[in-house]
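For reference, the structure is listed below as structure tokens.
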Amino acid sequence: MTVERALTQVETGVAATLFGADPKTAYRNLAQLIHPDKVDAKLKKRAQEAFAKLSRLYAELNGKPAASVEKVIGNWIVSDPLAKGDLCDLYRARSVKDENVKAVFKLARSPKDADLLEEEYVSLGILNNFKGSDNFKKYLPRVLDRVEASGRRANIVSLAEESHTLADIIGLYPNGSLDFRHVIWMANRALSALGFAHSAGIVHGCVIPEHLLYGPVTHSLTLVDWCYSVSAESKKHIPAIAKDRKDLYPPEVSRKFPAHPATDIYMLFASLSATGAKIPKQFKGIFDWCLASSPRSRPDSAWELQDRWMKTAEEVYGKPKYIPLEIPKQ
């Protein structure tokens, strides 16, 4: 069997087809063929991902935790894949100097996107050094480092543990089954993050469900992926659009009008609308306001919007009360 064929077999296979009647021998033969240290340089990336999958499936077959394929890049030990973003592949990482420092290694899939990762590096640097209250910085990732790997740019940002993307939550609560009371605190946290960012002069530019990470127990939020961000004062337009989420953008983005705080507010409420949660009539005016087609007709202050939002919540539901978000078992 050739290395190319072995890679394809692992990439497309499941445990039953890969290991057959003699799992130990099948695993050993495949592992020898696709080990990342033995393949040609042009196949190394594929081999790393395929070897990780092969190891995971074999470990699961034997009731053991999967071993990671690790690689040292700069000051970071990069291991398991976390997710695939619109621009980047995300991996778990930890510091070479201190293994307790956990991070996300964001590697651009194309060298052409280096400028977008630089925008994230700059924006998060501005926000994390902004003189506003540190209490709001908890809603943002911290940028820890930047490196080049295989001719592509990578940012290393802090890891948000024990969180689920809004996209995950929507998938777990289909057909509008999410209690709107969860939308209350989700919007409240996101408006805090946006209010802080806007006060520092930064527009996020891509407030979509995949970038809103929520802690179901702690009700925490991390607003991630600042690659699309711009300075509001620069009068620049949003530099890129998440291809699969075009329906969540306001009209001014496709027309390449200057980015505005109202752009982020529109996208936040379009994302919250995507939960399908039943909106009480007292909130429908707020949603209509935030989703107006013209940015001039929308609220441009996340702080003022947050104040109205929470006052309306108290009118409808009474004093704020903690309600745990139960994550259904898969």
Which links in K71/K235; K137/K236; K45/K97; K106/K138; K112/K284 stretch past 30 Å when you go from one Cα to the other?
K71/K235; K112/K284
Please identify, among L124, L221, L178, the residue showing maximal mean-square fluctuation in a Gaussian network model of the chain using a 10 angstrom Cα cutoff.
L178
Specify the angular offset, from 0 to 90 degrees and rounded to the nearest 10, of the alpha carbon long axis of helix 302-317 from the longest principal axis of the alpha carbons in the chain.
80
Under a point-charge model restricted to the Cβ atoms of Lys and Arg (+1) and Asp and Glu (-1), what is the dipole moment magnitude of region 3-68 relative to its Cα centre, in debye to the nearest 20?
120
Would you mind checking the tilt of helix 114-128 against the longest principal axis of the Cα atoms of the chain, expressed as 0 to 90 degrees and rounded to 10?
50
When the expected Rg is taken as 2.2 N^0.38 Å, what fraction or multiple of it is the alpha-carbon Rg of region 72-158?
1.09
Name the residue farthest towards the positive end of the dipole of the chain from the options N29, L54, Y249, assuming +1 on Cβ of Lys and Arg, -1 on Cβ of Asp and Glu, about the Cα centre.
N29
Considering the zone a paramagnetic label at E161 would reach in this model (a point 7 Å from Cα along the Cα-to-Cβ line), which residues of region 75-113 have amide N under 14 Å from it?
93-95, 99-104
What longest region of the chain stays clear of trypsin sites (Lys or Arg not before Pro) that DSSP places outside H, G, I, E and B and that have at most 15 other Cβ atoms within 10 Å?
143-234
Efficiency by 1/(1 + (r/R0)^6): what FRET value for N135 and K281, r their Cβ-Cβ distance, R0 = 35 Å, to the nearest 0.05?
0.60
Fully extended contour minus Cα-Cα distance, from D168 to K319, at 0.36 nm per residue
51.5 nm
Can you work out D for the chain in µm² s⁻¹ from Stokes-Einstein, where Rh is the Kirkwood radius over C-alpha pairs, the temperature is 4 °C and the viscosity is 1.567 mPa s?
60
GNM of the chain, Cα pairs under 10 angstrom: of W303, W76, W289, the biggest fluctuation goes to W289
Angle check, please: helix 180-199 long axis (alpha carbons) against the longest principal axis of the chain (alpha carbons), in degrees 0 to 90, nearest 10.
90
Once you've got the GNM for the chain with C-alpha springs shorter than 10 Å, pick whichever of S229, S192, S177 has the biggest mean-square fluctuation.
S177
Once Lys and Arg are counted +1 and Asp and Glu -1 for all other residues with Cβ under 13 Å from that of S293, the total becomes +1
Would you please calculate the Kirkwood hydrodynamic radius of region 1-141 over all C-alpha pairs and express it in Å, rounded to one decimal?
17.5
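Taken together, the values in this text are just the output of simple stated rules run on the coordinates, not laboratory data. Remember, predicted model here, so these are calculated numbers, not experimental data. Positions of Cβ are backbone-derived with ideal geometry, glycine not excepted, and every protein chain shown enters the neighbour counts.
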